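Remarks on the structure that follows.
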Amino acid sequence: MKGDGEVGGPRRLKASTAGVLLAAGSGSRLGQPKALVELGGTRLVDRGIGLLQVGGAGPLVVVTGAVPLTLPGVITAHNPDWASGMGSSLAVGLRAVPDGCAAAVVALVDQPLIGAAAVRRLIAAHAAGATVAVAAYHGQPRNPVLLARAHWPEVISLAAGDVGARP
């Protein structure tokens, strides 16, 4: 793992809820790594970072894998086992969150149409006492999700393949 820290100096916590962006996939169906796919002239990885920032999450961790990324202002965490599925990236991302963060909002790089309001609602749910919160669209649970730090050891132990935190 490589920690780039914050721009302008050592790592500082901006908020108690970190943002973790899973951006390690190869995008085999897309013909290029998902993080590099452009939508409206903006790479998906940059859209994901913006989603988490505007939503109020910080510090930010971006999990890379299929392609190296230089992303100033965020912590990058390389997942050498990225091809095994999202689970290993989730574990790498949670392990890279600095101490002092009580929770993390986990987002996927290939969901560019998710709005920052979803992140704000998850953070608000945590502030109101939720230890797990899941965004829902048309009544169906989807990403992003919020996980309080107390759940991370179990999530990491169960994260395998493309299952992630579902169990």
If you count, for each residue, the other Cβ atoms within 10 Å and average over each peptide, how do 87-93, 117-123 line up from highest to lowest?
-> 87-93, 117-123
Can you tell me how much longer the chain between Ala124 and Ala83 gets when fully stretched, taken as 0.36 nm per residue apart minus their C-alpha distance, in nm with one decimal?
-> 11.4 nm
Computed over region 21-167, protein heavy atoms only, probe 1.4 angstrom, the accessible area per residue in square angstrom equals 46
Per DSSP H run of n ≥ 4, the term is -39500 (n - 2.57); total these for the chain, divide by its residue number, and report the mean residue ellipticity at 222 nm rounded to 500 deg cm²/dmol.
-> -7500 deg cm²/dmol
For region 59-164, size of Cβ-based charge dipole, Lys and Arg +1, Asp and Glu -1, in debye | 300
³J(HN,Hα), Karplus 6.51/-1.76/1.60, whole Hz, each residue of region 33-46, x for Gly, Pro = x, 3, 4, 8, 4, 9, 10, x, x, 10, 5, 4, 5, 5
Scan around Val20 for amide H atoms under 5 Å from its own, H built in the peptide plane at 1.01 Å from N, and keep only partners 5 or more places away or cross-chain.
-> Val61, Val105, Val106, Ala107
On the protein heavy atoms, probe 1.4 angstrom, tell me the percent of accessible surface of the chain carried by carbon and sulfur.
-> 55
Would you please give the FRET efficiency between Thr70 and His138, computed as 1/(1 + (r/R0)^6) with r the Cβ-Cβ distance and R0 = 25 Å, to the nearest 0.05?
-> 0.10
Region 38-68 and region 94-131: distance between their alpha carbon centers, rounded to Å = 13
In nm, to one decimal, how far is the Val54 label point from the Leu113 one, both placed 7 Å along Cα→Cβ?
-> 1.6
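The values are calculated or read from the model by the stated rules, or taken from the named source; none is laboratory data. These numbers come from a predicted model, not from an experiment. Every residue, glycine as well, gets a Cβ built from its backbone with ideal geometry; the counts of neighbours run over all protein chains shown. Quick note on the areas: whole protein, heavy atoms, side chains included, nothing else; ligands and nucleic acids left out. Shrake-Rupley method; radii C 1.70, N 1.55, O 1.52, S 1.80 Å.
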